[in-house]
1. Take the Cα of V81, step 7 Å along the line toward its Cβ, and report every residue of the stretch 116-137 whose backbone nitrogen sits under 13 Å from that point.
2. Can you give the charge dipole size of the stretch 70-170 about its Cα centre, rounded to the nearest 20 debye, using +1 on the beta carbon of Lys and Arg and -1 on the beta carbon of Asp and Glu?
3. Show me the helices of the chain, taken as full DSSP H stretches, that run 24 Å or more along their long axis by Cα and average 0.0 or above in Kyte-Doolittle hydropathy.
4. Exposure proxy check: T280, T181, T41 ranked by fewest other beta carbons within 10 Å?
5. When we measure straight from the Cα of K269, which aspartates and glutamates land under 19 angstrom away, once same-chain ones fewer than 8 places off are left out?
6. What is the dipole size for the chain, taken about its Cα centre, with +1 at each Lys and Arg Cβ and -1 at each Asp and Glu Cβ, in debye to the nearest 20?
7. Return the Rg/Rh ratio of the chain with Cα-based radii and a Kirkwood Rh.
8. Would you compute, from DSSP H runs of 4+ residues alone, the mean residue ellipticity of the chain at 222 nm, taking -39500 (n - 2.57) per run and dividing by the full residue count, rounded to the nearest 500?
Amino acid sequence: MNKTKDISIEDYNYYLPEEKIAFFPSKNRDESKLLIFKDNTIVTDIFKNVPLYLNNDHLLVFNNTRVIQARILFPKSTGSVVEIFCLEPLFPTSLHSLIFETKASCEWECFVGNNKRFTSLLSLPFDCKGITGILYAEKSGKCNATSFRIRFSWTPESLSFAEVMEHVGNIPLPPYIKRKTTIEDVTRYQTIYAQKKGSVAAPTAGLHFTAEVLNNIAQKNIPVEYITLHVGAGTFKPVTEPCIEKHTMHCEQLLFAKDSIEQLIHYCKDKNIIAVGTTTARSLESLFWMGVKMIASKQNEIPNNSPLHISQWEVYGSLAQKQVSVEQSLTSILNFMEENKINLLQASTALMITPYYHPKIVKGIITNFHQPQSTLLLLIAAFVGEKWKEIYQYALDHDFRFLSYGDACLFL
């Protein structure tokens, strides 16, 4: 436990020149470069060939979250602009799956840019299928030191919030992509299998997949499964403390369908589960610990407090001593769902995966190249150890493109 918390973030730093950052996507999704790391060997290819490195001993798990157009720009008569960035729904529901169906009004936790100019009710006219509407925004309090509670209302009230966002919102590109969004970003900053609205950042490993690649994976009889983690803005939150113990990990919403958990139980004994993206890896590992918490609480080893939330450090404590298999853990969750007659498990995680973490479900990962001194880089080190330095230096030396619109790697 102490070793985990005592990690110095400086040990996970590297020099990333600006010219190595991909500010635009590659011409074609599956023609990005691919680095394969297996058996301590690095191989270079292009992404469309990723099925060549997989076989039917693998199960691919994807995050099917959909990026929402979370940035809303309210121009003022003075010429200034107030930017409101929607983070998490608050009222009348905190569930992404329901908030977009809301009509007339709703409240969100938001970042506010140019906050000093936000002194009164803001309004933004828009056109929706020939209907003229107006979106209003007003502050209704602070959520914390950096975010506000914003109440949105709109006319006509018959429109859903999803319809309003579609016409007034902008794709929220990462802060290090310092350019205006384009029409291309609307489709390219979205996976082709995106379904469940709620993310304010794309699960970027999935951006490389095309229908052809997925078809070639199916041709090899490699099973696939989908889960949902709504990626929050906290994914870009830098670790500013020298020691990670003082870093507060962001919390994100998880959704698991009952049939997905049944499939994971079916495959976990015979397949090596490959997570497509760090968000998927974090989701699956959090799911494992939820099952462990359910088992521990039934055995009166821990209080039955919030088994559907994983906090930042709890898996490094007494829970880590529990001898629970993946099958046992997932079966306990399935039993919980059956007992409570639910088909969709709604949970949350603040789990921080560090180099001292030993993955329980995930045996490999497809991912992009991540920022220096980031929690995502710490997660990668959990899979490849100190080799991350060699891998990243190789990528820098061989003209790989970094970050969200950059190239990919496969760790097996």
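Every read-out reported here was derived from the displayed coordinates using simple, explicitly stated rules and does not represent laboratory data. As the structure is a computational prediction, the values presented were derived from the model and not from experiment. Using ideal geometry, Cβ is built from the backbone for each residue, glycine included, and neighbour counts are taken over all protein chains shown.
1. Counting backbone N atoms under 13 Å from the label point, the list is empty.
2. Values: 10 positive and 10 negative charges, 88 e Å.
Computed charge dipole of the stretch 70-170: roughly 420 debye.
3. On the way: long enough: 278-298 (30 Å, 0.23).
Result, helices passing both filters: 278-298.
4. Values: T280 30, T181 15, T41 7.
Ordered by Cβ neighbours within 10 Å, fewest first: T41, T181, T280.
5. Result set, ordered by chain and number: D57, E225, D259, E285, E327.
6. Working: 41 positive and 41 negative charges, 134 e Å.
Its charge dipole is roughly 640 debye.
7. Details: Rg = 21.6 Å, Rh = 22.4 Å.
Here Rg/Rh amounts to 0.96.
8. Values: 10 runs with 97 residues, N = 412.
Only helices count here, giving -7000 deg cm²/dmol.
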